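Just below is one structure, and these are the notes that go with it.
What follows draws every value from the coordinates through simple rules; no lab data is involved. Just so we're clear, the structure is a prediction, and the values are computed from it rather than from any experiment. Here the Cβ positions follow ideal geometry from the backbone for every residue, glycine too, while neighbour counts run over all protein chains shown.
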Amino acid sequence: MMPTCYFHKATRSIADLNVIDTGEYLITRINVPSSSRGKGIGSIILDEICLDADENSVTLKLEVIPSGGLTFHDLTRWYEKRGFKSDERKFGMLMTRLPYASDCNYIRSVSSPYIERAV
């Protein structure tokens, strides 16, 4: 079973996931406090989620909702670097990442010791 919560203790950054169906998880939140933004913490957390999804053959889904000064375009590009694709039926608002996304070369291959996981 894949974790449903990822936590970066030093910065109090967090990501939550919900099980949608067997083999599918929805990323419901990635939150990095404003004082810690721009330092790659969100990227570390999302990379960890993608690594775990690959190890567990899980499809990830999310809805792109700009916040914290990031634009829709910025967020979409950030997710695409990690293998997420827009679901055109939802006009790009919903993105999906299949396990082992073939065009994803941005994810580290080693897990970060700074991220705590919970199920």
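Remarks
- Phi angles of the range 62-70 translate, via the Karplus equation with coefficients 6.51, -1.76, 1.60 and θ = phi - 60°, into HN-Hα couplings of 7, 10, 7, 10, x, 7, x, x, 7 Hz per residue; Gly and Pro are given as x.
- Contact order normalised by residue count of the chain, Cα under 8 Å, 6+ apart, percent: 30
- Residues whose amide H falls under 5 Å from that of Lys85, counting only those 5 or more places apart or on a different chain, are Thr96, Arg97, with hydrogens built in the peptide plane.
- Note that the range 18-27 has calculated 3J(HN,Hα) couplings of 10, 6, 8, 7, 4, x, 9, 10, 9, 7 Hz, one per residue in order, obtained from phi through the Karplus relation 6.51 cos²θ - 1.76 cosθ + 1.60 (θ = phi - 60°); glycine and proline are x.
- DSSP-loop trypsin sites (Lys or Arg not before Pro) across the range 9-72, with at most 15 other Cβ within 10 angstrom: Lys9, Arg12, Arg37, Lys39
- For the chain, the tally of Lys pairs with Cα-Cα distances below 22 Å comes to 6, considering only residues 8 or more apart or on different chains.
- Environment charge of Val32, counting only residues whose C-beta is closer than 12 Å and scoring Lys/Arg +1, Asp/Glu -1: +4
- Order of Met95, Met2 - criterion: other Cβ atoms within 10 Å of each residue's Cβ, fewest first: Met2, Met95
- The slack between Asn31 and Arg117, meaning 0.36 nm per residue of separation minus the straight C-alpha distance, is 29.5 nm.
- With neighbour counts taken as other beta-carbon atoms within 10 Å, the residues Glu116, Glu80 rank, fewest first, as Glu116, Glu80.
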